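Here the structure comes first, spelled out in structure tokens, and everything after it is commentary.
What follows is calculated from the coordinates using simple rules that are stated; it is not laboratory data. Because the structure is a prediction, the values reported are computed rather than measured. Please note: Cβ atoms are built from the backbone with ideal geometry, for glycine as well, and neighbour counts cover all protein chains shown.
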Amino acid sequence: MTAPGKPLEFRDHSKPVLPPGGILLETIASEVCGTDVHLHDGHLDSVPWPIIPGHVSCGRVVEVSGHPRDPFGDEIKAGDVVTFYDVYGQCGSCYSCLVAKQETRCPHRRVYGITTTATDGLLGGWSTHIELRPGVRTLKLRNGASVEDFMGGGCGLPTGFSAVERGGVVFGDSVVVQGAGPVGQSAAIFARLCGAGRVLMIGGPKDRIEAARARGIDEAIDIGEMRDPGERRRWVLDQTQGRGADLVIEATGNPAAVREALEFVRDGGRVVVVGQYTDAGDIGLSPHRHINRKHVTLLGSWGYEFRHLYLSLGGLERTRERFDWAGFVTREYRLDQAEAALGDMRNQSVLKALIRP
Ligand SMILES: [Zn+2]
Ligand SMILES: [Zn+2]
């Protein structure tokens with residue numbers, strides 16, 4: 001991807017020379033997610049064009065330099081099927097890392113496929129091979145979890161989980177998830193796994209709502225069939241004995257959804273905003289009604305940490321049959337079909353799209 005709006009280009013790269021601790025993967029699958037659409041639409045600042053998109057991927061190890069290990073000491077060898085934490089380079093010595101303990105806000109962090117430039121190497125998944133730099137946190141897929149299972153969750157898997165953790169779900173909570181994309185689906189599943197008593201979803205289009213229903217969500221409505229915000233608010237109140245939800249997780253990308261979240265939540269409840277990955281504009285709020293008097297806790301959620309990837313991958317391994325994660329994959333594309341994949345993701349005709357180089 002050379003610049004916003006420009007056609008994708010094929011480029012040949014020479015085989016990377018691995019530094020000690022480096023790993024070369026043959027790409028098995030890489031996801032196409034909303035981020036890639038935002039990149040191509042020019043919604044993200046400071047992108048080091050040209051880039052190789054694809055931030056969450058799985059591959060087979062074809063070469064290692066030295067004895068790279070996973071974060072817990074297990075050696076990574078040729079033939080292993082792995083995924084990796086797409087973020088690296090957190091410095092461990094800035095204010096965010098060291099004092100505030102907010103490593104997702106470290107200014108030095110880099111993300112495969114987003115903030116890595118193609119002139120630096122094979123640092124994105126829409127490629128036949130991916131180069132894992134020393135220190136990139138690599139994890140083997142275990143316990144029967146397949147590439148399809150993991151990629152069905154994709155980046156939504158740890159993102160949804162981190163939003164649920166941030167929202168502090170406790171046993172019995174009523175949770176409303178706004179948005180039926182990969183992050184919303186994952187958040188709904190993890191809310192249930194973390195003990196939510198009732199999980200509700202508002203989103204669309206229809207096939208995504210069906211996907212959520214098939215995975216045991218309690219109630220879900222297609223926003224296309226309930227267009228009036230007032231009607232949606234009444235629906236949430238009806239579903240929560242008139243109180244509103246204990247927790248609302250916004251995963252839509254539509255700024256207006258944040259205001260609705262503050263109307264869906266009960267007094268003293270929590271709202272997590274995880275869907276506003278790009279700046280889609282401002283909204284009007286009543287600070288009195290929506291925040292102060294409501295005694296609400298409003299939380300942003302930027303990126304995810306390694307622990308979220310690790311824990312959500314474990315959750316996926318344990319629940320792959322119950323929740324059919326692999327079933328979220330709607331369509332697979334070859335590298336030369338990546339443009340079509342972006343188009344299908346943009347118009348939401350697919351829930352999870354994969355590039356299979
Ligand atoms: Zn830092
Ligand atoms: Zn993504």
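Here is how the numbers come out for the structure above:
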{"read-out": "Computed [θ] at 222 nm, deg cm²/dmol, the chain (DSSP H ≥ 4; -39,500 (n - 2.57); rounded to nearest 500)", "value": "-8000 deg cm²/dmol"}
{"read-out": "Euclidean distance of C-alpha centroids, segment 131-198 and segment 64-85, integer Å", "value": "23"}
{"read-out": "Efficiency of FRET from Cβ geometry, residue 302 and residue 282, R₀ 22 Å, rounded to 0.05", "value": "0.75"}
{"read-out": "Dimensionless Rg/Rh of segment 103-242 - Kirkwood Rh, Rg from C-alpha atoms", "value": "1.06"}
{"read-out": "Cα shape, segment 10-142, gyration tensor, a/c 1.5 rule", "value": "oblate"}
{"read-out": "Residue order, fewest to most beta carbons within 10 Å, for 171, 323", "value": "171, 323"}
{"read-out": "Gained length - residue 6 relative to residue 231, 0.36 nm times residue gap less alpha-carbon distance", "value": "76.9 nm"}
{"read-out": "Between segment 250-305 and segment 1-27, the alpha-carbon center distance in angstrom", "value": "38"}
{"read-out": "Net charge contributed by nearby residues that have their C-beta within less than 13 Å of residue 278 (K/R +1, D/E -1)", "value": "-4"}
{"read-out": "Alpha carbon Rg of segment 225-357, scaled by the compact-globule rule 2.2 N^0.38 Å", "value": "1.30"}
{"read-out": "Dimensions (Å) - segment 153-201, Cα atoms, principal axes, largest first", "value": "27, 18, 14"}
{"read-out": "Over segment 1-56, volume per residue of the alpha carbon convex hull, in Å³", "value": "114"}
{"read-out": "Kirkwood hydrodynamic radius over Cα pairs of the chain, then Stokes diffusion coefficient at 20 °C and 1.002 mPa s, in µm²/s", "value": "103"}
